1. Within the stretch 12-24, take every residue that is over 10 Å from the mean Cα position of the chain (by Cα) and of a type in the set (A, V, I, L, M) and give me the one that is farthest from L74 (Cα to Cα).
2. I'm trying to understand the selection: among the residues of the stretch 7-51, which are touching a Lys or Arg at 6+ places or on another chain (Cβ under 9 Å), assigned to a strand (DSSP E or B) and without any contact (Cβ under 8 Å) to a residue 24 or more places away in the chain?
3. Of all the residues that make up the stretch 18-46, how many are within 18 Å of K80 (Cβ to Cβ) and surrounded by 19 or more Cβ atoms within 10 Å (Cβ to Cβ)?
4. Which of the residues belonging to the stretch 47-59 are loosely packed, with under 15 Cβ neighbours inside 10 Å and within 23 Å of A4 (Cβ to Cβ)?
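What follows is calculated from the coordinates using simple rules that are stated; it is not laboratory data. Owing to the predicted nature of the structure, the values given are computational and were not obtained by experimental measurement. Cβ coordinates were reconstructed from backbone atoms using ideal geometry, including for glycine residues, and neighbour counts include every protein chain displayed.
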Amino acid sequence: MAKAEYLHCVGRARERYNVKLSGAVYDELCLMAPSGRVIRQEQRQRIVQVWSALRDKTFYVTWDEERECVTTLLPPEQFKGK
């Protein structure tokens, strides 16, 4: 687990999804993100829609291909209708 990225995502999950993001859920997001539905691709980063079985919730995340981890969780309202 990438500690700095995980800690950042914990704050964003609380702020944007009103959930407590455990290490297990973060690890699940990191495993699922490479095969998630790509919404936008930018150089080495992808914005991906990922469903978490552990949380029974859809998250919108930024996946960093170089670091191979989720770097942030994006506001779900930004993707309504996409």
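1. Top of the filtered list is A24.
2. V38, R40, R46, V48, V50, W51 - these are the residues of the stretch 7-51 that are touching a Lys or Arg at 6+ places or on another chain (Cβ under 9 Å), assigned to a strand (DSSP E or B) and without any contact (Cβ under 8 Å) to a residue 24 or more places away in the chain.
3. Result for the stretch 18-46: 1.
4. The answer is L54, and nothing else.
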